[in-house]
Amino acid sequence: MATRAEALAQRIEQGAATLAAYAEGLSDAQWTAVVPPDGRRAGVIIHHVASVYPIEVHLANEIAAGRPVTDVTWAAVAEMNAKHAQDNAGCSKQETIELLKKNSQAAAQAVRGLSDAQLDSAAAFSLNAGAPLTAQFVIEDHALRHAWHHLAKIKAALGA
């Protein structure tokens, strides 16, 4: 196992655990509070983070294999997020936290399987204007950062 891959995996787990711990402490009113300017409820955003780990890891694996990612755009992400919010408007806290733990652990395990050469592999990534990004950057900017990003926004919205 690559040392860098292990460090990345541990940081993914840390972010998910931090988000899960915060989610566990939310009241029902906080769970259903709308987070501006996002417009989604706090619980739906946490469920979103949990549900996209497999997608984020898939994209990183494509880059790690030297394959460009050409069909991911911000418009497609917005559409996916809107559909997710609609389909999961009533997600429960327990179900969401379980999904967050399960999917983050699977993501971390997948990252642990990457070699330094795979982490250094770069290919065009359409979400970032086709820039040739490394798999490590894609992991850091998506699977790793995602929990922290939304946690900060939820905390700011809820004043906690």
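What follows is calculated from the coordinates using simple rules that are stated; it is not laboratory data. Here the structure is a predicted model, which means the values were calculated and not measured. Cβ coordinates were reconstructed from backbone atoms using ideal geometry, including for glycine residues, and neighbour counts include every protein chain displayed.
So if I take the centroid of the Cα atoms in the range 30-50 and the same for the range 97-142, what is the distance between those two points in Å?
24
Could you please rank SER126, SER92, placing first whichever residue has the fewest other Cβ atoms within 10 Å of its Cβ? Before the final figure, lay out the partial values.
Values: SER126 16, SER92 12.
Listing SER126, SER92 from fewest to most nearby Cβ atoms yields SER92, SER126.
Around ALA107, what is the net charge, scoring Lys/Arg as +1 and Asp/Glu as -1 over all other residues with Cβ under 13 Å from its Cβ? Can you show the working numbers first?
Details: positive: ARG11, LYS101, LYS102, ARG112, ARG145; negative: GLU13, GLU56, GLU140.
Spelling it out: positives minus negatives among the neighbours equals +2.
At 24 Å minimum axial length over the Cα atoms and a Kyte-Doolittle cut of 0.5, report the qualifying DSSP H helices in the chain, or say none.
Values: long enough: 3-24 (31 Å, -0.14); 42-64 (32 Å, 0.94); 93-112 (28 Å, -0.76).
Membrane-span-like by this criterion, though nothing is claimed about a membrane: 42-64.
How high is the FRET efficiency between ASN81 and ALA117 when r is their beta carbon distance and R₀ equals 45 Å, given to the nearest 0.05? Walk me through the intermediate numbers first.
Working: r = 33 Å, r/R0 = 0.73.
About 0.85, to the nearest 0.05.
Say a paramagnetic label sat at a point 7 Å from the Cα of HIS58, along Cα to Cβ; which residues of the range 78-92 have their backbone N under 17 Å from it?
Zone members listed by number: 78-85.
Quick check for you: which residues of the range 22-66 have the amide N under 12 Å from the point 7 Å beyond the Cα of LEU158 toward its beta carbon?
It comes to 22-35, 41-47, nothing else.
Need one word for the range 15-67: rounded, prolate or oblate. Basis is the Cα gyration tensor (sqrt eigenvalues a ≥ b ≥ c); a/c below 1.5 gives rounded, then a/b vs b/c decides. Display every interim value, and only then the final one.
Values: a/c = 4.17, a/b = 2.21, b/c = 1.89.
Prolate is the answer for the range 15-67, as a/c is 1.5 or above and a/b outweighs b/c.
Suppose a student asked you for the relative contact order of the chain, using Cα pairs under 8 Å spaced at least 6 residues apart; what percent would you report? If you can, show how the numbers build up before the last one.
Values: 220 pairs, mean separation 64.2, N = 160.
The value is 40 percent.
Based solely on its DSSP helices, what 222 nm [θ] is calculated for the chain when runs of n ≥ 4 H residues each add -39,500 (n - 2.57) and the sum is averaged over all residues, nearest 500 deg cm²/dmol?
On the way: 8 runs with 107 residues, N = 160.
Taken over the chain, the calculation gives -21500 deg cm²/dmol.
Using a Förster radius of 22 Å, what is the FRET efficiency between ALA131 and ALA65 based on their Cβ-Cβ separation? Nearest 0.05, please. Kindly include the intermediate steps, with their values, before the conclusion.
Details: r = 18 Å, r/R0 = 0.80.
Once the sixth-power term is evaluated, E becomes 0.80.
What is the range 91-160 by shape, rounded, prolate or oblate, if you read a ≥ b ≥ c off the alpha carbon gyration tensor as root eigenvalues and call it rounded for a/c under 1.5, prolate for a/b larger than b/c, and oblate otherwise? Let's see the in-between values first.
Numbers: a/c = 2.88, a/b = 1.58, b/c = 1.82.
Taking the square roots of the gyration eigenvalues as a ≥ b ≥ c, the range 91-160 is oblate.
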